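Beneath this line is the structure, given in structure tokens, with notes to follow.
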Amino acid sequence: MKFFIRVYGCQMNVYDAEKIQTLLLCNGHECVNSEDDADIVIFYTCNVREKAKSKLLSDIGRINNRKDKIIAIGGCIAQAEGNALFDHDDSIKIVFGPQTYHEIISFINRACNGERVLCLEFLQSKKFNFLPMHSSVKKSEYVTIQEGCNNFCTYCVVPYTRGREYSRPVREVLTEIQKLVDKGAVEIVLVGQNVNSYNGDTDDGKKLNIGQLIELVANIKGIKRLRYLTSNPYDFNRDLMFLHKELQPLLPPFIHIPIQSGSDRILKRMNRGHTRSEYIEMIEEFRDICTNINFSSDFIVGFPGESEEDFLDTLDIVEKIRYSSFFAFKYSRRKNTPAYSMTDQVLDEVKDNRLARLINALSKHQLKFNESCVGTVQKVLFEKCGKQKSQYIGKTQYMQSVIVKSDKNLIGNFVDVRIERGFQNSLFGSIV
Ligand code: 5AD
Ligand code: SF4
């Protein structure tokens with residue numbers, strides 16, 4: 001059968017979807033480029049913000065002749081909504097949670113026999129044992145090393161959709177990375193909801209943390225860049241900070257560490273488990289140890305009870321930390337999370353206003369940082385072609401997009417690039 005997978009959300013979903021694709025290919029199905037050409041359409045979903053579900057349903061509604069197709073909904077919306085999703089469209093035949101996707105082939109076979117399949121079990125550790133290595137490996141590959149979350153931030157659905165924290169054993173992670181590198185990957189991104197809480201078993205009964213794992217991965221010949229995301233602010237120790245200094249350029253001096261809010265009152269109501277000053281101290285310690293390090297962060301504006309004063313604390317922390325890039329969101333009220341029933345929800349127009357002011361403040365620092373790179377030489381991993389002829393786009397160690405012109409195909413190569421111009425969202429340069 002012909003299949004098409006549409007992925008929404010985070011890097012872990014991308015990893016899951018690649019595994020699903022490989023399972024289908026290994027079983028003789030054929031991958032096509034659009035919903036309309038497919039017999040099986042799989043939507044692999046994210047449930048973090050409310051808008052995602054309406055987008056999903058409208059995307060399903062736009063598929064032509066969908067009554068002749070098998071539509072499957074996987075991932076976090078599937079886990080959260082379960083059976084109720086079948087009511088939205090007769091063509092939805094399979095609903096499966098993120099801990100069950102290794103069984104996709106049997107779900108499809110059952111759906112072909114006319115069954116409506118619902119599978120929302122939590123079989124965490126088992127899943128990874130069933131996942132094949134994909135045959136066409138990209139230069140940059142994600143490897144899930146940790147999944148789930150025990151933190152229960154009061155706005156977040158992740159602990160309910162992905163379950164409790166689970167770290168894959170060290171050997172399993174190393175074997176997967178070795179295979180990817182053998183097949184040509186040069187950048188590995190270690191992925192987890194709390195990736196720096198990694199606590200994986202070794203064969204001899206010990207536990208390794210993220211820094212110890214990174215040291216082992218760094219020894220794998222052929223790896224040129226190693227990143228990890230997403231980190232929480234409390235599991236950084238000095239050893240890991242030193243690794244960022246010692247293992248450059250393999251381990252870039254750049255980390256994504258969400259703060260969400262700069263107000264202690266709101267951080268407490270979010271159940272973030274850290275204060276504003278603890279976060280700032282951690283960042284300062286990092287900068288002392290690894291002087292060229294930069295940070296990005298996630299922010300939520302308009303969390304229930306957020307006053308103008310609380311919001312000003314967020315703007316203030318933006319000025320203190322000077323992030324080099326960012327993601328900023330309006331608080332989205334999610335059913336079954338504690339913040340859903342908080343009575344002091346913030347008006348949407350107030351959220352809009354704060355989001356615009358926050359993005360404005362963050363953008364200034366991003367632009368300043370990008371401009372400060374002009375004249376420097378950056379190691380760039382090229383990933384794709386640009387819009388114009390002979391243009392290539394790659395990423396610096398700080399995850400900035402760089403555009404260069406070249407007659408030679410640069411895709412998949414690390415190249416030294418002198419940065420000539422810096423804009424809000426991209427840099428232009430020439431090959432050294
Ligand atoms: N509303 C808005 N943003 C959210 N995030 C998580 N849950 C919500 C929510 N209910 C954001 C956080 C998190 C990122 C992945 O998504 O900033 O770090
Ligand atoms: Fe969600 Fe908080 Fe866990 Fe991140 S740490 S996944 S925001 S509950």
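The values are calculated or read from the model by the stated rules, or taken from the named source; none is laboratory data. The shown structure was predicted, so the numbers you read here are calculated from the model rather than taken from an experiment. For neighbour counting, all protein chains shown are included, and Cβ atoms are generated from backbone atoms with ideal geometry for every residue, glycine included. The protein model used for the area step is the full one, side chains on, heavy atoms only, and it has no ligands, DNA or RNA in it. Shrake-Rupley method; radii C 1.70, N 1.55, O 1.52, S 1.80 Å.
A few remarks follow.
- Within the same chain, aspartates and glutamates fewer than 8 places from LYS387 are excluded, and of the rest, those with a Cα less than 17 Å from its Cα are ASP407.
- A simple spin-label model places the labels of ASN336 and ASN150 2.2 nm from each other, with each point 7 Å out along Cα-to-Cβ.
- Pairwise label distance in nanometres, ASP352 with SER54, each label 7 Å out on the Cα-Cβ vector: 1.3
- ASP239 paired with THR291, simple spin-label distance in nm, labels 7 Å along Cα-to-beta-carbon: 2.7
- Taking amide H as placed 1.01 Å from N in the peptide plane, GLU383 has its amide H under 5 Å from the amide H of ILE393, GLY394, LYS395, GLY412, each at least 5 places away in sequence or on another chain.
- Cα gyration tensor shape of the stretch 95-182, rounded if a/c is under 1.5, else prolate or oblate by comparing a/b with b/c: oblate
- Note on THR275 and ASN360: with the Förster distance fixed at 45 Å, the Cβ-Cβ geometry gives a FRET efficiency of about 0.95.
- Here's how it looks for PHE303: its modeled amide H is under 5 Å from those of TYR331, which are all 5 or more places away or on a different chain.
- Isolated cysteines in the chain, defined as those with no second cysteine Cβ under 4.7 Å, comprise CYS10, CYS26, CYS31, CYS46, CYS76, CYS112, CYS119, CYS149, CYS290, CYS373, CYS385.
- Where both bridge residues fall in the chain, DSSP classifies roughly 35% of the beta bridges as antiparallel.
- Backbone HN-Hα couplings from phi across the stretch 33-46 [Karplus 6.51/-1.76/1.60, Hz, Gly and Pro as x]: 9, 8, 4, 5, 7, 9, 8, 10, 10, 10, 9, 9, 10, 10
- Out-of-range pairs (alpha-carbon distance over 27 Å; input LYS19/LYS364; LYS19/LYS69; LYS139/LYS408): LYS19/LYS364
- Charged-residue dipole, Cβ positions (Lys, Arg, Asp, Glu), the stretch 267-415 about Cα centre, Debye nearest 20: 880
- Simple point charges give the picture: +1 on the Cβ of Lys and Arg, -1 on the Cβ of Asp and Glu, and for the stretch 131-191 a dipole about the Cα centre of about 60 debye.
- Fully extending the segment from SER34 to GLU309, taken as 0.36 nm per residue of separation minus the present Cα-Cα distance, adds 94.2 nm.
- The overall shape of the stretch 1-91 is oblate: from the C-alpha gyration tensor, with semi-axes ordered a ≥ b ≥ c, the ratio a/c is 1.5 or greater and a/b is no larger than b/c.
- Applying 1/(1 + (r/R0)^6) with r as the Cβ-Cβ distance of ASP87 and SER135 and R0 = 41 angstrom yields a FRET efficiency of 0.60.
- For the stretch 228-266, backbone nitrogen atoms closer than 14 Å to the point 7 Å from GLN178 Cα along Cα-to-C-beta are found at no residue.
- Extension gain for the segment LYS2 to LEU25, taken as residue separation times 0.36 nm less the Cα-Cα distance, is 7.3 nm to one decimal.
- Whole-number accessible area per residue in Å² for the chain, which is evaluated in the context of all protein chains at 1.4 Å: 44
- Across the stretch 291-303, coupling constants 3J(HN,Hα) worked out from phi with the 6.51/-1.76/1.60 Karplus curve, θ = phi - 60°, read 5, 9, 6, 9, 10, 10, 8, 9, 10, 10, 9, x, 4 Hz, and Gly and Pro carry x.
- Selected from LYS351, LYS268, LYS320 as most flexible by GNM, with the chain as the system and alpha-carbon contacts under 10 Å: LYS320
- The calculated FRET efficiency for the pair LYS67 and ARG164, based on their C-beta separation and a Förster distance of 30 Å, comes to about 0.15.
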